[in-house]
Structure formats: structure tokens, C-alpha cells
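The values are calculated or read from the model by the stated rules, or taken from the named source; none is laboratory data. These figures come from a predicted structure and were not determined experimentally. FYI the Cβ positions are ideal-geometry reconstructions off the backbone, even for glycines, and counts take in every protein chain you see. Areas reflect the complete protein model, heavy atoms only, side chains present, ligands, DNA and RNA absent. Shrake-Rupley method; radii C 1.70, N 1.55, O 1.52, S 1.80 Å.
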Amino acid sequence: MQSGDAMVVMAILIYFIVVLTIGFIYAKRSNSSTSEYFLGGRKVGPWFTALSAEASDMSGYLLMGLPGLAYFCGASDVGWTAIGLAIGTYLNWLLVAKRLRRYSVKANDSITLPAFYSNRFHDNKNVIGTIAAIIILIFFCVYCGSCFVTCGRLFNSLFGWDYSMMMVFGAMIVFLYTMVGGYLSVVATDFVQGTLMFFALIIVVIGSITMASGMGNMVEFLSDIPGFLSMTSMAVPAMGEDGMQIVQNGQPLFDVPAEYGLLTVISTMSWGLGYFGMPQVLVRFMGIRSDEEVRQSRIIAIVWVVNSMFAAVMIGIIGRYIIPSQLLSQSSDETMMLPSFLCGLVVSGILAASMSSASSYLLITGSSVAENIYRAVFKKDATDNQVLIVSRITLAAVLLFGIAVAWDENSVIFAVVSYAWAGLGASFGPLTLFSLYWRRTTKQGAIAGMIAGAAMVLIWHNFIRPMGGVFGIYELLPAFLFSTLAIFVVSLLTPEPETAVLNEFDHYMDESTNVEKDIEEVLEDSLLIDDVDTHVMATAAD
């Protein structure tokens, strides 16, 4: 593709204009109150909720990280990751969405996730909310950085433009429409971006298959790479001292494949556990217009997720056949979506992946700090206008920190995302489930669970995982289990919650669907998902 391709530049400019316009359209309504700015007044429909939840979750790693990892190491690692994420997505919508929507209203009409945790346990001192807000601040700053990396690397790869300048430019666009339009603008742009991401992936897959000129030759070529197509072993590129894959006679070299055993499969699939604690997804559950619309959103979300991840993995695998030796480091492999068919749409899709996530991270961090630290701790009589000002100041601070994280253009997106994902999933996942399902959970147990989860991620990632062997598993799994144990044990060792907390829980449970009903819905969903999926894929093929 020519670096000066005017059509590609035009498509990108149109995309930027659209997202900024959406932000200004919702500006007046969003700034009418903190409830509107942080949660859209709980008036978002099922389609916007579903695509916004998934687009904000599937950041740059969907269109760059996953294809890059598949290109570099083959099917096993990304395959099991995708399976775990698909299962986690579905279970989160099934087990958490409807209950969280109802309970967040019951718990003093909570409009942020930290506020829900505090109100659920009647924590008048807001210790729980403050800890939750601090955890969100720490890990979302890292998350934002990973999104900004995608923007900078994309423009640098396509046009040769300065990475740092374009990374900052993309970050400023996200900051502007988020700051102006709040939750409603984020959700609306996420809907546009989620649709764009989906069709960009489908188009690239179809184009890749066309370029491959025959599945038989491609399968034969990839089968000759040790472990590349296997789900029980992983391809290991032969690396030189310069950190690049060795190429001999025009072909990349691979070492003996690494075994992908049961423990590794469990570790990789544990990515799905993170969904129970992802604030950018959970807040969508709280903001949907009605809990009766959750099921429709669930079907839309799972169809989007499964097809998008399948397409992303296929892009990486087919890419190894089409361009076997052009991308020789894992960092460079994350640019592999860039070859030149329908580049305007594809480029906008990649931007959508990173921008939809970054906007959610910025807004959630701003709302958590302003609502759950500033108003709840330092100035309890703060007006909505003052809270919104603090929120925007927080947005600016997170923006600057994210830019600092993203300044190194050689960051590996997948690795950065996996670290932040584990921290949030382990800190909030067990607490979310216990809050919704176990009335005996205490305030002390909630605090212990959050701290234990966050601390274990840091400890396992930096000190235990490097030991390798059985300790080499993804830090989310042991941290999630440790947090679960901490909540359970500390809750049993501390006095039972006060009567008002128990009565509120019982009232919420009386209004909620039961587990048996959830199981019935699983069977019905399988039929609906199959019908919708068939229709979506047929439409994309046409």
C-alpha cells in the first residue's frame, strides 16, 4: 500500500469526525447530572449495550495482539485463549448482568462499580469504594497505554509518520470525545466502532483466504511448521541474537515445538475468569435500560465475540502462509493486519478497537476517582458540577500516564493487556460473584478479597511465575482463587452483616431469576445463537 494513499487518509478522517460528532451530540444531555455522565441515566438499549460492552473489552489485542500471536506461535495459545474468553463472556452475561442491573439500583442507585460495592455492604466510611477506585486507577492507566500503542504503531507502519506524535494524536481524540460526551458518547461510538471492528475482521479474513489461493496448499505449508496448527503443542520460532526470527533460504526457521499440556490449557483458558471483574463490561450491565433486555444483549454479545475472535485468529494463521518471513519479531507481528485490501475500512477498524477501549477506561477511572474518592471521602457535599470537574481532571491525568506507558513503541500489546486484565479480574471478579450470590459476605471479606487479588497478581507475575514449571501459569488463575478464598474465610471469621444488609440482599434475590431459570436459558440461548450466527455470517459473506 502506498504511504500517501488519499483514500485511506480520507477514511480515517471521516472516522475521527464521526466519533467527535457523536461526543458533541450527547454533550448537553450527558452534562445534566453525574448519573447521565457516568451511566447514561440507565437508558441504553440492548444493541448499544452489547456492542459497547464487547468493543470496549476487545481492545487493540483483538485486531493486532491476537493475530500477531497466532502468526508467531500458531493456533494453540490464541485458540485456548479465545475459547476461555468466549466461555467467560457468556457466563458473565448469564450470571452477572441481570443481577447486577437490579442490585445496583437496589443498593442506593449506585452509578459506579466502586459505589455498588460500598453500598452493597452499607460501608458508610467508603473504605471498599476507595480501594476499588485506587485499583481501577492503577490498572486502567496501564490499559490505556496499551490502546495508545496501537494508534501510534498503526500510523507509523502505514505512513511512516512519527510514532510518538501519532500516538499522542490518537490519545487526544479519545480524550476529547470522552470528556465532552460522557457515557452516552462512549456507548454510541462503541456501537459504531464495534460494528466497524466486526466487518473489518470478516473482510480481512475473506481477503486473506482469497490471497492464499487454495486452502489445500496453505494447510500443507502450515502443517510443515512444527506445532503451528496443533492445539496440544506450540510453535517456537528460532530466534537470533538480534531478537528476530531466523530466516534461511527465504523461509522462517522454528525450533522443536513446546508442549501445551493440560495445566497450560487451564492457565490460558483462565483468561475467561477476568470478565467477572472487568469494570468496563460490568458498568454496561448497570446502564442497560431494563434487566428484561439483558438476554437480547447476551445473544448479540456472544455472536459478536465468537465470530470476531475466530476471525482474528484466522488472520494470524493465514498471514503466516501469505507473508511467511516478513514479520520476524512478536512486536512487529502485531502490525500484520496492514497489507493492502480495503485498507480504509481495516485501518478504521483497528483504530476502533483501541479507541473504544481507551474511552471506557478513561471514563470509568474518572468516575471512580471523582465519585468514590472525591465526593465520598473528601467532599461529601460536592455538587454534580464539582464532581464532573474532578472527573475531567482525572481523565487528563490518566491520559498523560497512559501516554507515558505507551511511549515505548516496542511494547507487546498482548503482554501489557494480560497484566492489567489479571489485576482487575482477580480484584473484582470474586467480589462481584460473592456480592450477587452469597448473603453472608461481609465488608471485611470484600476488602480482603480485593487486596488479596491485586497483591497476588503482582507477587505471582513478578516473583513466582518466573520460576517456571507448575508456577508458570497465568497469574489471573491463582490470584482469582486466592481472592475467592480470602473473601470466604474472612467473611466466616467476621460477624454476620447487619440486618439491613441481609434484608436488602433477600429483597434483591426475591426479584432476581434463580439458577434453575439460568440453566433453562442456556439451552434456549444455544439455539438462538446458532440461528443469529448463521444469519450474520451469511450476510458478511454476501
Can you tell me how many residues in segment 244-283 are closer than 30 Å to residue 482 by Cβ and either assigned to a strand (DSSP E or B) or open to solvent by less than 40 Å² (accessible area, probe 1.4 Å) (or both)?
20
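Quickly run through segment 35-86 and pick out the residues that are among the polar types (S, T, N, Q) and open to solvent by 10 Å² or more (accessible area, probe 1.4 Å). Give the steps one after another, and end with the answer.
Filtering segment 35-86 for residues among the polar types (S, T, N, Q) gives 35, 49, 52, 56, 59, 76, 81.
Answer for segment 35-86, where residues must be among the polar types (S, T, N, Q) and open to solvent by 10 Å² or more (accessible area, probe 1.4 Å): just 35.
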Identify the single condition in (1) of a type in the set (Gly, Ala, Ser); (2) more than 24 Å from residue 428 (Cα to Cα); (3) at pLDDT 90 or above that residue 277 does not satisfy, given that it satisfies every other one.
(2)
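Can you find, within segment 456-480, the residue that is most open to solvent (accessible area, probe 1.4 Å) among those that are more than 21 Å from the chain's Cα centre (by Cα) and aliphatic (A, V, I, L, M)? Write out each step before concluding.
Our first condition is that a residue be more than 21 Å from the chain's Cα centre (by Cα); within segment 456-480, this holds for 459-460, 462-472.
Checking which are aliphatic (A, V, I, L, M) leaves us with 459, 464, 467, 470.
Details: 459: 77, 464: 39, 467: 126, 470: 96 Å².
Checked segment 456-480; the qualifying residue most open to solvent (accessible area, probe 1.4 Å) is 467.
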If you go through segment 228-278, how many residues are in contact with a Gly (Cβ under 7 Å, 6 or more places away or on another chain) and of a type in the set (D, E, K, R)?
0
Could you tell me whether any residue of segment 183-199 is of a type in the set (Asp, Glu) and free of Cβ contacts under 8 Å to residues at least 12 places away in the same chain?
no
So which residues in segment 352-374 are crowded, with 22+ Cβ neighbours inside 10 Å, over 24 Å from residue 155 (Cα atoms) and not β-branched (Val, Ile, Thr), if there are any at all?
363, 366, 367, 368, 370, 371, 372
Under 8 Å between Cβ atoms, at least 6 apart or on separate chains: pull out the pairs that start in segment 49-68 with a residue that is within 13 Å of residue 285 (Cα to Cα) and modelled with pLDDT of 80 or more and end on any residue that is among the aromatic types (Phe, Trp, Tyr) and open to solvent by 10 Å² or more (accessible area, probe 1.4 Å).
50/304; 51/191; 51/304; 52/191; 54/304
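Residue 488: within 16 Å of residue 270 (Cα to Cα), part of a helix (DSSP H, G or I), modelled with pLDDT of 90 or more and open to solvent by 40 Å² or more (accessible area, probe 1.4 Å), yes or no?
Taking the combined requirement at face value, the residue does not satisfy it.
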Among (1) closer than 19 Å to residue 432 by Cβ; (2) crowded, with 24+ Cβ neighbours inside 10 Å, there is one condition residue 291 misses while meeting the rest; what is its number?
(2)
Yes or no: residue 123 acidic (Asp, Glu), touching a residue at least 40 places away in the same chain (Cβ under 8 Å), touching a helix residue (DSSP H, G or I) at 6+ places or on another chain (Cβ under 7 Å) and assigned to a helix (DSSP H, G or I)?
no
Does residue 103 fit the bill of being at pLDDT 95 or above and of a type in the set (Ser, Thr, Tyr)?
yes
Going through segment 434-455 in order, the residues found to be crowded, with 21+ Cβ neighbours inside 10 Å and hydrophobic (A, V, I, L, M, F, W, C) are 434, 436, 446, 447, 448, 450, 452, 454
